[in-house]
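For reference, the structure discussed in these notes is given below.
The values are calculated or read from the model by the stated rules, or taken from the named source; none is laboratory data. Fair warning: this is a prediction, and the values are worked out from it, not measured in the lab. Neighbour counts are summed over all protein chains in view; Cβ atoms, including those assigned to glycine, are modelled from backbone coordinates with ideal geometry. Each accessible area value is taken on the protein alone, full model and side chains, heavy atoms only, with ligands, DNA and RNA left out. Shrake-Rupley method; radii C 1.70, N 1.55, O 1.52, S 1.80 Å.
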Amino acid sequence: MNYKHDLAGKIAALLTSFDAKDIMGWMEYPANPDKGDLSLPCFRLSKTLSKSPQVIAEELKAALEDEHIEDMEAVSGYLNIFLKKSMFAESLIRHISQVGDRYGSQNLGQGKTVVIDYSSPNIAKPFHVGHLRSTVIGNALYHIHAFLGYNCVGINHLGDWGTQFGKLIVAYHLWGSKEAVNHRAIDELLDLYVKFHEEAEKDPALEDQARSWFTKMEQGDQEALTLWQWFIEISLTEFQKIYNLLGVKFDAYQGESFYNDKMEPVIKELKDKQLLEEDDGALLVRLDAFGMAPALMLKKDGSSLYHTRDLTAAIYRAGKYDFEKLIYVTDYAQNLHFQQCFKVVELMGYAWSSKLEHVAFGRVSIEGGSLSTRKGNVIRLENVLEQAIQKIRDVIEARNPGLVNKAKVAEQVGIGAVIFNDLSANRIKDIDFSWEEALNFDGETGPYVQYTYARTCSVLKKAMLPDGQEMQIAEIDGTCLQNKEAMAVVKMLYLFTERIEQAMVKLEPSIVSRYLIDLAQAFNRFYHACYILVEDTQLREARLALVKCVQITLRNGLKLIGLQATQEI
Ligand code: ARG
């Protein structure tokens with residue numbers, strides 16, 4: 001079921017001097033149906049073939065043969081191909097209904113492993129909207145790769161080691177209490193952290209105390225480690241609530257502390273490979289030759305850094321997973337960090353350095369406000385999710401008060417809205433979360449796609465057979481779907497597989513969310529233009545089959561980006 005692929009193969013065979021793959025890359029799906037269903041611009045072929053694009057298009061038109069082609073045109077250097085619409089619709093609908101929830105999947109990744117490092121919040125700090133974006137993008141990439149046949153390993157690289165624990169221990173000793181921490185959990189930890197920074201501005205000696213507590217942790221001091229362990233438990237309980245709400249799971253929680261006993265050999269290896277340089281007592285890898293600041297590996301006092309742990313983690317993962325790709329999902333503020341890290345791996349002589357990818361994304365603000373843990377003006381993610389659920393609940397109360405399962409639906413749609421918002425634009429763009437936009441049922445939003453899905457369910461329910469069975473899609477008559485609106489839906493359905501693959505190649509889940517909006521819009525235009533439950537049996541069955549395929553495709557797509565498909569809203 002890949003017309004582009006098949007036709008590109010035939011064209012390449014006719015031309016001989018080009019690869020089918022190149023031809024396929026140049027072929028387009030014209031936005032205007034008058035220009036064909038597929039089109040090949042012949043400009044790039046012109047030089048090699050020493051002919052004008054128009055002559056090439058005309059020659060191809062005369063020579064190309066395929067049972068799926070209805071007609072061809074050579075216009076202004078383009079070969080426009082018109083497929084046999086009814087055959088196209090019939091075979092696509094047959095295919096989608098046969099494969100069902102596998103529609104869109106492929107075996108591209110068979111036998112290959114992809115490791116994804118995502119979410120990775122910091123212990124004893126709240127989980128904020130930046131971590132949400134990492135969680136949502138990483139989770140989508142996980143599902144997309146898995147759908148394409150890759151073996152996926154999702155790792156939560158928790159920030160569970162570092163000087164912030166020294167700060168927290170100092171603050172706890174000075175201003176905290178066991179009762180308060182037990183009672184207020186992460187809120188108390190956050191307050192202590194904020195208070196530390198306020199006080200340290202007035203009294204810089206606090207910073208020294210914090211550093212020495214962290215050094216104690218690194219040396220295995222029991223008191224320090226017991227407190228640290230306790231802070232971890234409190235934070236994890238809190239994070240777990242959020243992961244449950246989002247429906248996100250990890251294959252491993254391997255935070256920074258996991259590498260504590262694994263760094264020494266790595267430092268030794270760096271030394272042996274003569275990559276380490278001493279600078280005022282600290283050890284670093286110089287990267288001037290590559291236009292980058294040095295990567296600091298050990299501080300003067302011998303303590304490790306974020307870099308030391310990331311380098312160690314990469315080496316550990318390479319040994320354990322033999323990955324095809326190792327993907328890190330963080331905001332672009334860490335671009336330099338990962339460029340340095342990957343460069344050091346390369347300088348160490350590891351060929352797999354080319355398999356490391358930083359999937360950077362833009363900053364998140366909420367209603368124009370930015371976020372900072374140190375100042376305490378963080379908007380807690382849990383509050384955002386709860387508010388989203390509540391607001392959707394109000395909409396449901398107004399629109400469909402009789403809905404059973406209101407609470408569950410509000411949760412699925414409210415959370416879906418927040419997730420979708422994070423995936424609605426290219427990941428590198430900064431995004432602002434606006435309640436009005438994210439929750440709008442008529443906008444380009446999660447609720448819009450979920451609502452469209454519910455609409456397909458309601459149409460199919462109305463068409464149930466007298467015994468309550470869902471109609472089976474058998475063979476349909478494709479000539480019933482030749483009108484403009486129906487064909488636009490058929491074409492969108494066809495593009496699903498290709499779009500998922502693009503999302504995987506570009507590590508860009510927004511390609512899938514954009515696709516879902518396009519499909520939902522095409523479907524809604526069809527729904528408004530064509531009454532579905534008509535008398536004429538053949539026409540009704542063909543239209544219902546199309547609705548069924550939209551339902552399957554929307555559901556598969558929503559799952560890929562981590563949203564639930566809701567039967568009714
Ligand atoms: N904990 C870090 C932060 O919140 C993100 C960690 C990303 N993963 C990694 N391997 N460095 O900024």
0 to 90° range, to nearest 10: angle between helix 205-218 axis and the chain longest Cα axis: 80
Return the loop-located GluC sites (Glu not before Pro) in segment 58-103 (DSSP other than H, G, I, E, B) with at most 16 other Cβ atoms within 10 Å of their own Cβ; answer none if there are none. Glu65, Glu67
Return one whole number: the accessible area per residue of the chain in Å², for a 1.4 Å probe. 45
Which distance in nm do the two modelled labels at Asn426 and Leu460 give, with both placed 7 Å along the Cα-to-Cβ direction? 3.6
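Quick one: Cα convex hull volume of segment 1-65, Å³ per residue?
Values: hull volume 5.9 nm³, N = 65.
Convex hull volume per residue, Cα atoms: 91 Å³.
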Tell me the angle of helix 129-147 to the major Cα principal axis of the chain, expressed in degrees between 0 and 90 and rounded to the nearest ten. 50
Whole-number percent relative contact order across the chain, with pairs defined as alpha carbons under 8 Å at least 6 apart: 16
Using 1/(1 + (r/R0)^6) with R0 = 45 angstrom and r between the beta carbons of Lys408 and Asp272, what's the FRET efficiency to the nearest 0.05? 0.20
Show log10 I(q)/I(0) for the chain at q = 0.05, 0.08, 0.12 Å⁻¹, two decimals, from a solvent-free Debye sum over equal Cα scatterers. -0.28, -0.67, -1.20
Does anything in segment 197-225 have its amide N under 16 Å from the 7 Å Cα→Cβ label point of Glu264, and if so which residues? 218-221
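Subtracting the Cα-Cα distance from 0.36 nm times the residue separation, let me have the gained length for Asp71 to Asn107 in nm, one decimal.
Values: separation 36, 0.36 × 36 = 12.96 nm, distance 3.26 nm.
Gain on extension, Asp71 to Asn107, equals 9.7 nm.
Which percent of the accessible area of the chain is formed by carbon and sulfur heavy atoms (probe 1.4 angstrom)? Display every interim value, and only then the final one.
Numbers: 12010 of 25330 Å².
Reported share for carbon and sulfur atoms: 47 percent.
Report the extension gain between Glu223 and Tyr253 in nm, rounded to one decimal, defined as 0.36 nm multiplied by the number of residues separating them, less their alpha carbon distance. Kindly include the intermediate steps, with their values, before the conclusion.
Values: separation 30, 0.36 × 30 = 10.80 nm, distance 2.39 nm.
Length gained, Glu223 through Tyr253: 8.4 nm.
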Got a sec? Which residues in segment 522-558 would a label at His95 touch, if it sits 7 Å along Cα→Cβ and we count backbone N under 12 Å? none
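Assigning unit charges at the beta carbon (Lys, Arg +1; Asp, Glu -1) and nothing else, what dipole magnitude in debye, to the nearest 20, does the chain show about its Cα centre?
Details: 62 positive and 77 negative charges, 108 e Å.
Using only the charged Cβ atoms, the result is roughly 520 debye.
Using only the heavy atoms of the protein chains and a 1.4 Å probe, how would Val181, Val99 rank by accessible area, largest first? Don't skip to the answer; put the middle values down first.
On the way: Val181 0, Val99 50 Å².
Final ranking, largest accessible area leading: Val99, Val181.
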Candidate residues Lys271, Lys84, Lys406: accessible-area rank, largest first, probe 1.4 Å: Lys271, Lys84, Lys406
Label-point separation (nm) for Glu28 and Glu233, each offset 7 Å from Cα along Cα-to-Cβ? 6.3
Could you give the nm distance between label points at Asp288 and Lys61, where each point is 7 Å from its Cα heading toward the beta carbon? 6.4
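Using only DSSP helix segments of four residues or longer, with each worth -39500 (n - 2.57), what per-residue ellipticity at 222 nm results for the chain after dividing by its residue count and rounding to 500? Before the final figure, lay out each step's value.
Values: 20 runs with 312 residues, N = 569.
Result for the chain, helices only: -18000 deg cm²/dmol.
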For a label point 7 angstrom out from the Cα of Gln390 toward its Cβ, which stretches of segment 209-240 have the backbone nitrogen within less than 18 Å? none
Hey, which aspartates and glutamates would be in cross-link range of Lys262, C-alpha to C-alpha under 12 Å, not counting anything within fewer than 8 residues on its own chain? Asp310
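Per 0.36 nm of contour for each residue apart, how much would the distance between Asp280 and Asp477 grow if the chain were fully extended, relative to their Cα-Cα spacing?
Numbers: separation 197, 0.36 × 197 = 70.92 nm, distance 7.89 nm.
The span from Asp280 to Asp477 would gain 63.0 nm if fully extended.
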Rounded to the nearest 20 Debye, what is the dipole magnitude of segment 29-90 about its Cα centre when Lys and Arg each give +1 and Asp and Glu each give -1 at the C-beta? 420
